[in-house]
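Colleague: This structure is in C-alpha cells; I'll ask about it shortly.
Derivation of every value follows stated rules applied to the coordinates shown; laboratory data play no part. Bear in mind the structure is a predicted one, so any value in this text is a computation, not a measurement. Using ideal geometry, Cβ is built from the backbone for each residue, glycine included, and neighbour counts are taken over all protein chains shown.
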Amino acid sequence: MDFAFDARTEELRERLLAFMEEYVYPAEAVAAEQRARLASPWDTPAVFGELKAEARRQGLWNLFLPDAEYGAGLSNLQYAPLAEITGRSPHLAPTATNCAAPDTGNMELLAQFGNEEQKKQWLHPLLAGEIRSAFAMTEPEVASSDATNIETRIERSADGSEYVVSGRKWFISGAMNPDCKVFIVMGKTDPEGADPRRQQSMVLVPRDTPGVEVRRAMTVYGYEDHDHGGHAEVVFDGARVPAGNLIGEEGGGFAIAQARLGPGRIHHCMRLIGMAERAIELMCRRALERTAFGKELAAQGVVQNWIADARVTVEQLRLLVLKTAWLMDTVGNRGAHTEIQAIKIATPRAVVGILDQAVQLHGAGGVSQDFPLAELWAAARTLRLADGPDEVHQRSLARRELKQYRV
C-alpha cells in the first residue's frame, strides 16, 4: 500500500487549500449574515453561488465522482485528502465544490443505475449544480437501521403506466432546500415477497408531484442545518409517477441502497478527519491565547494531553480511511466491507471525543455560535447514526469475525 499523493492529487490539494483560505473560510461569517436577512431561512445565501462559480472556474468540481464521464475520475485514494480538506468547513466547502451529501450519493446512484432518460432529466442538472436532491429512506414508524422494515409502498397502477407512492419519511436531508427538485424514494413493491431483500424498489419522485408534502424540518441537536438544506419529514400520499421513474428493476432497491451507502460512508469519514483537524487547530490557537491560574493554557498538562491524544487519534484514523479507500479501489466495495464498517464505527466516535475536548478548552465560547465547534460536534455525533448506527456495523463486523472460528 502506497498512500503518497500522486501528482494530480498534490496539485488538486494545493488548489483546494488555497480556495479554502481565500474563499471558503471568509464566507462562513458572510453566509450567516446573509441568511439572517433572507425572506426564508431555507433560501440559499448568495455567497454559495459565488463559491460554486469560483470552484467551477478553478476545476474544483464533482471531485467525488470516480466516473470520468461525469465527474473528476479520481480514485477513492485520490479523493480522500481532498474530502478531508473540505471537511474543515463541512457546511460550505462540500456544497461549493458540488461534493455535498445527499447529492453525491444520488449522483453516483444515477450514474450507475439510472437509464439514459433519468440521467438526462436529473443527473446532468445535479452534476451542473443547477438543482439539489434528496434520498428518502428513513421512516419514523419503524427501526430503519434494518432496511427490510421499511413500510412505504410503491404500487403499480392497474394499467401498469404509473407507480403510486404512499408512506411517511423523516430526516430526509436536503429536502427543505427549495432547489431540491427530486426525491429518490425507497419503498416496497413486493411486501409479501419471500426474500425480504427483494421486496424494495427505488423510484424517482419530483418534488412538485401531487401528493408530496414536505411537512416540517427536523432539528438535529437543535440545529436546523440550513446550509445543508435541512432534514425534513416528507409524506407521500398517493403520489403518482410514470413507470419509467423506477430505478433499475423491481426488487433491486436493497442492493442499490447498499451500493450507494458504501461510498457515502467513507466520504463522511474523510470529511470527519478534516473536522478533527480544524478542532485541533482551534484548540492549539486557544491554548496559546488564554491564561489561567498564572500560565497559558498550553502549559497545562491536561491540555497538552488532549492535543497529543487528538493528534495520535487523527493519524490512526487517517491511515485506516486511506487503507479502506485503497481496498475499495483495488478489490471493490465488497472486498473492503470490513474496513468500511470499521471506519464507520471508529471515526465518528473518535472525532466526537476530540470535538468535545475542543469545546471544553474554549469554555462558554465552545458552545456558542462564535466558534464552529458546537455545530461540528452536532454533525459528528449525528454520523454515529447516519448511514447505519454504530451497533448495526458492530453486529455485522463481529459476526464476520466469529465466522472464521466456527467449526
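Colleague: Based solely on its DSSP helices, what 222 nm [θ] is calculated for the chain when runs of n ≥ 4 H residues each add -39,500 (n - 2.57) and the sum is averaged over all residues, nearest 500 deg cm²/dmol?
Modeller: After summing the helix terms and dividing by residue count, I get -15500 deg cm²/dmol.
Colleague: Here is a follow-up. For the charge dipole of the chain, defined by +1 on Lys and Arg C-beta atoms and -1 on Asp and Glu C-beta atoms about the Cα centroid, which residue among Val407, Met275, Leu74 has the Cα displaced farthest towards the positive pole?
Modeller: Farthest towards the positive end: Val407.
Colleague: Taking neighbour Cβ counts within 10 Å as the exposure measure, how do Cys284, Cys99, Cys269 sort from fewest upward?
Modeller: If I rank by nearby Cβ atoms, fewest first, I get Cys284, Cys99, Cys269.
Colleague: Report the Cα centroid-to-centroid distance between region 358-386 and region 253-328 in angstrom, as an integer.
Modeller: So the two Cα centres are separated by 13 Å.
Colleague: Counting GluC sites (Glu not before Pro) as exposed when in a DSSP loop with at most 10 other beta carbons within 10 Å, what is the longest stretch of the chain free of them?
Modeller: The longest such stretch corresponds to 193-407.
Colleague: Let me ask something else. What does the extension gain come out to for Gln112 and Glu249, with contour length at 0.36 nm per residue minus their alpha carbon separation?
Modeller: Using 0.36 nm per residue and subtracting the Cα-Cα distance, I get 48.0 nm.
Colleague: Relative to the Cα centre, what is the charge dipole magnitude of the chain, using +1 at the beta carbon of each Lys and Arg, -1 at the beta carbon of each Asp and Glu, and rounding to the nearest 20 debye?
Modeller: 760 debye
Colleague: Express in nm, to one decimal, how much length is gained between Ala398 and Phe5 on full extension, taking 0.36 nm for each residue of separation and deducting their alpha carbon distance.
Modeller: So the extension gain works out to 138.2 nm.
Colleague: Let me ask something additional. With a ≥ b ≥ c the root eigenvalues of the C-alpha gyration tensor of region 7-114, is it rounded (a/c under 1.5), prolate (a/b larger than b/c) or oblate?
Modeller: oblate
Colleague: Choose one of Pro210, Pro242, Val220: the residue whose Cα lies farthest towards the positive end of the charge dipole of region 132-247 (beta-carbon charges +1 Lys, Arg; -1 Asp, Glu; about the Cα centre).
Modeller: In region 132-247, that residue is Pro242.
Colleague: Another question about this same structure. Remind me, relative contact order of the chain in percent, using alpha carbon pairs under 8 angstrom and six or more residues apart?
Modeller: Relative contact order of the chain: 14 percent.
Colleague: Using 28 Å as the Cα-Cα cut-off, could you pick out the over-long pairs in Lys120/Lys188; Lys52/Lys120; Lys181/Lys323?
Modeller: From Lys120/Lys188; Lys52/Lys120; Lys181/Lys323, over 28 Å: Lys181/Lys323.
Colleague: Right, next: Over region 48-176, calculate the relative contact order: mean separation of alpha carbon pairs under 8 Å at least 6 apart, over the residue count, as a percent.
Modeller: Relative contact order comes out at 18 percent.
Colleague: Then there is this: Name the residue, out of Leu17, Leu246, Leu123, whose mean-square fluctuation peaks in a Gaussian network model built on the chain with Cα pairs under 10 Å.
Modeller: Leu17
Colleague: For the chain, what does the alpha-carbon gyration tensor say about shape, rounded, prolate or oblate, given a ≥ b ≥ c as the root eigenvalues, a/c under 1.5 as rounded, and a/b over b/c as prolate?
Modeller: Here the chain falls in the prolate category.
Colleague: According to a simple spin-label model (label point 7 Å from Cα along Cα-to-Cβ), what is the distance in nm between Ala53 and Leu17?
Modeller: About 2.9 nm separates the two model spin labels.
Colleague: Here's something else I'd like to know. Return the single residue from Phe371, Phe19, Phe48 with maximal mean-square fluctuation; model: Gaussian network over the chain, springs between Cα atoms under 10 Å.
Modeller: Top of the fluctuation ranking is Phe371.
Colleague: For region 255-403, what does the alpha-carbon gyration tensor say about shape, rounded, prolate or oblate, given a ≥ b ≥ c as the root eigenvalues, a/c under 1.5 as rounded, and a/b over b/c as prolate?
Modeller: Judged from the Cα gyration tensor, region 255-403 comes out prolate (a/c at least 1.5, a/b above b/c).
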